[in-house]
Every structure is written in structure tokens, then in C-alpha cells.
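The values are calculated or read from the model by the stated rules, or taken from the named source; none is laboratory data. Quick caveat, the model's predicted, so the values are computed rather than measured. Glycine also receives a Cβ, built like all others from the backbone with ideal geometry; neighbour counts cover every protein chain displayed.
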There are 2 protein chains.
Amino acid sequence: MSGEDRRKQIVDKAIDVILEKGLAQAATRDVTRALGVGSGLLHHYFPSWADLRAEAVRLAATREIEAVKALVDGVPALEALERIADWVVEDEDMRHWRLWLNAQDEAHRDALLAEVMTAAMLDWHRLIAGLLAKGAEESGATTSDADDAALRLAALMDGLAGTMLVKGSAMTAGTARMLLKQQLSLECGQQA
Amino acid sequence: MSGEDRRKQIVDKAIDVILEKGLAQAATRDVTRALGVGSGLLHHYFPSWADLRAEAVRLAATREIEAVKALVDGVPALEALERIADWVVEDEDMRHWRLWLNAQDEAHRDALLAEVMTAAMLDWHRLIAGLLAKGAEESGATTSDADDAALRLAALMDGLAGTMLVKGSAMTAGTARMLLKQQLSLECGQQA
DNA sequence: CACTGAGTTGAGCGATCGTTCAACTGAACA
DNA sequence: TGTTCAGTTGAACGATCGCTCAACTCAGTG
């Protein structure tokens, strides 16, 4: 197989493995075994596991954000925000949120991951801030703090997802969805 | 040294080690070496590292919540909430939030940690919900959703802390404090 | 004094990890 | 055909982990 194809194949499988087992538990052997290749091949394309891991997180985060952008493309801003609230909560088994929060957590000990997450978070905040600003514009109100509201919304999503991750906590998808939509009302209501 | 004293000493040192290195990186050897004891002693008091780890997280979380309760004892509810917002942000090096978010994250793979975190989160939510209800009462307004507001506030704190943990993200303590206080206004303003 | 048993030690076990490297394969090319 | 080299293998290495257990210490007791 040619170099670039093989490289992509490895990253894709690494994403699967990491989504399945979590960042801390995923190992090089999981990837190579799943692909049926030798361990040396992985290191032929990636200097170290940390590099592959960072690349996998980067690609996974990019795909998630692109998927959300596609989800709300051409949709009125306020409805787009509602859709995002639904999307946050509908993650089966919380696989993607687990990766997101896990990567955020590991970012202290891994400079590569810190870079990757910083960039991803910036994209994410910009997307939400843009929708909030557009929503305020569409509803005829002026707003001076779309950025602040976006930071709050994004942090709320992270926090709610983190709470949902703890089995036994009372936080369900339904409750989280309701809380998110209430927050949307709060943020947009003050501008009216 | 007597059994109970030794046990407490081990848990205390485990908390230090875990705060310093994170849950995933902390090891039994770190604790025994810091105490200057043999590795067997640790396992004499705790069946496994998972047990000691869970006990350490439980005690650390309890202490944090008790410290916050002491911080706001006898303080008017609304001012108490402001103090908590300040407290959230003033965590030097985010050591305690790092532990909190890390434990939340590890809770999927560790049933003991899941129990511990479920209990701690319940206490935490109750504390905030109580203050919000009391605040609404003191300010003469009725509120039907102190619980919801508490869940949002707690999730927002988690999310903001998680964002602050990523070095390079634009989130600073000052910004987080401002966003939290804005949220307090939002939550309490709607009741007025 | 001898005996007991809780407290403690630390070398070592088995497992697992990321990583290395000498060797092999096979398509491409002269 | 012989040569080359990117692609690939997988045994082996050193580090590190949680954990075990035979052995030791020593205050308390009869």
C-alpha cells in the first residue's frame, strides 16, 4: 500500500480504537492488531504513539465540528443552535464527548494534544459565537456579548456532557437537552 | 504506628500525589516512596490501588465541598454564590479542578470512582441549589427551578474549568469569573 | 523468659507498555 | 536478469506497573 493511504488508514483505525477504549487506555498494539500489521509499521509512519494520538484527536475533532457545520448549514441561526443542543445530547454512548473531554484532560501532560485542543476549541467557539451573533441579528436585536454567550454555551455543553458521563448521576439526555434549551432562552432573551 | 493512623496517613499522601501527578499518572510507588515505606504496607491497608485511589478521591472531594461550605457559612445566599464563583477560579494551578475533572473522566472505567463521584456531585448540586433557593427567597422572588439553575451553574463551572485547563486556550481566570457572574445575573435576573 | 501477632519490608513476579532494528518481501527499473 | 529500496515484519528490549509473599522487627503478654 502506498504511503499516504497507509497513513490515513492508521489514523482512522486509531480514532476507532481511541473512541472505543479512551485515550488513556488505547495502545499502539490495539491499532496494529486491529489492522493486522506489525508494530514497526506504525512507527514507520509516526515517530511515536503521542504523535499518532494527537493526529487522531485532531482529525476526530475536525470531523465532529465539520459534521455540526453540515448539520446547521443553511438553517436559521436560532434553529441551528437548537439543533446543536439536540446533537450534543444524542451522542450514543457518549463516545465522542468521552474523547473530547478526555483529550481536554490529557492536554496538561501532552503539549501536542494541548495545541490540537486549543485549535479545535477555537473553531468550536467561533461556530457558536457566529450563530449567536447571526441569531441576534435575525431577530432584530443588537448584542454586544455573542462571544461571552458562546463561551458560556460551550462550557455548559462540556460540563453537562461530563456530568452525563458519570453513570449513576441523575443527569440524563432529556434533562441535559432541557437545560441547554433553557440556557439558549436565557442568552437570547436578554437581548430582546 | 497504629492501624487507623497509618491508614489515614496513606490516604493523605495519596491525595497529595494524585493532586500533583493526576489520577492516571499517580502510582502506588509514588505514595510509598513519599512516605518512605515498603510497597507491601500499602497493600496491607488497601486491597488494591483502585481502592486507595477511590478513597483518596472521596476524601479530597469531601474536603473541598466542606471547605466551600465553611467559606459561605452565615453569608447571605447571593453573596455566597459570588464567593463560590471567585473560589472556582482562584484554584492555584487548577490542582483541585484537575482532580475533579480527571475523576469524572475516569469514572467510566472504575465503578468505585463512579460511586464516589456520584455522591460528591449530588452534595455539590444540593449545596448550590440550596443557595439559589435561599437567594430567591431572600430577594423576595419565587422560583420554581432552583434545581435546574444549580445544574446549569455546576455544569458551567465544570466546563469553564475544563477550558482553563487547556493551556493556550484564551480562557483566563478573569474571563471565567466574569462569565460565571454573568450567569448568576442571568439565573437570578429571570426571577426578579 | 518465650511466645504471639500486628506492622512492615523489599526483592521479585507476571503483565503490559512504547520502541527498536536486523531481516524479509516484492514491485520498479536499468 | 540483477539491483534497489520503500514497505513491512515481529522478536526482543528496557521501563514501569500493581501486586505477592517469605521473612523480619518488636511491643505486648503470660
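Brief remarks follow.
- Within the range B:30-40, the set of residues being part of a helix (DSSP H, G or I), within 12 Å of DNA strand C (Cβ to nearest atom) and either among the polar types (S, T, N, Q) or surrounded by 15 or more Cβ atoms within 10 Å (Cβ to Cβ) (or both) comprises B:Val31, B:Thr32, B:Leu35, B:Ser39.
- Every pair of residues 6+ apart whose Cβ atoms lie under 7 Å, when the first sits in the range A:39-65 and is farther than 20 Å from A:Ala111 by Cβ while the second is among the basic types (Lys, Arg) and near DNA strand C (Cβ under 7 Å from one of its atoms): A:Ser39/A:Arg29
- The residues of the range A:126-139 that are buried (at least 17 other Cβ atoms within 10 Å of the Cβ), within 14 Å of the chain's Cα centre (by Cα) and either over 14 Å from A:Ala154 (Cα atoms) or within 14 Å of chain B (Cβ to nearest Cβ) (or both) amount to a single one, A:Ile128.
- For the range A:140-157, a residue qualifies if it is facing another protein chain (nearest Cβ under 7 Å) and more than 24 Å from B:Gln104 (Cα to Cα), and exactly one does: A:Asp148.
- Residue in the range A:89-98 that is loosely packed, with under 14 Cβ neighbours inside 10 Å, away from DNA strand D (no atom under 16 Å from the Cβ) and under 17 Å from A:Trp124 (Cα atoms) present: no
- Any hit, the range B:58-77, residues being within 16 Å of DNA strand D (Cβ to nearest atom) and surrounded by fewer than 17 Cβ atoms within 10 Å (Cβ to Cβ): no
- Residues of the range A:158-173 classified as touching a residue at least 12 places away in the same chain (Cβ under 8 Å), of a type in the set (A, V, I, L, M) and at the interface with chain B (Cβ under 7 Å from one of its Cβ atoms), total: 2
- When we screen A:Arg6, A:Arg53 for residues that are within 14 Å of chain B (Cβ to nearest Cβ) and either more than 8 Å from DNA strand D (Cβ to nearest atom) or part of a helix (DSSP H, G or I) (or both), the only hit is A:Arg53.
Yes or no, residue by residue, for (1) part of a helix (DSSP H, G or I); (2) at pLDDT below 95:
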{"site": "B:Met121", "(1), (2)": "yes, no"}
{"site": "B:Glu137", "(1), (2)": "yes, yes"}
{"site": "B:Ser144", "(1), (2)": "no, yes"}
{"site": "B:Leu151", "(1), (2)": "yes, no"}
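Here's the yes/no breakdown for (1) facing chain B (nearest Cβ under 7 Å); (2) not in a helix (DSSP H, G or I):
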position	(1), (2)
A:Trp97	no, no
A:Ala103	no, no
A:His108	yes, yes
A:Met117	yes, no
A:Trp124	no, no
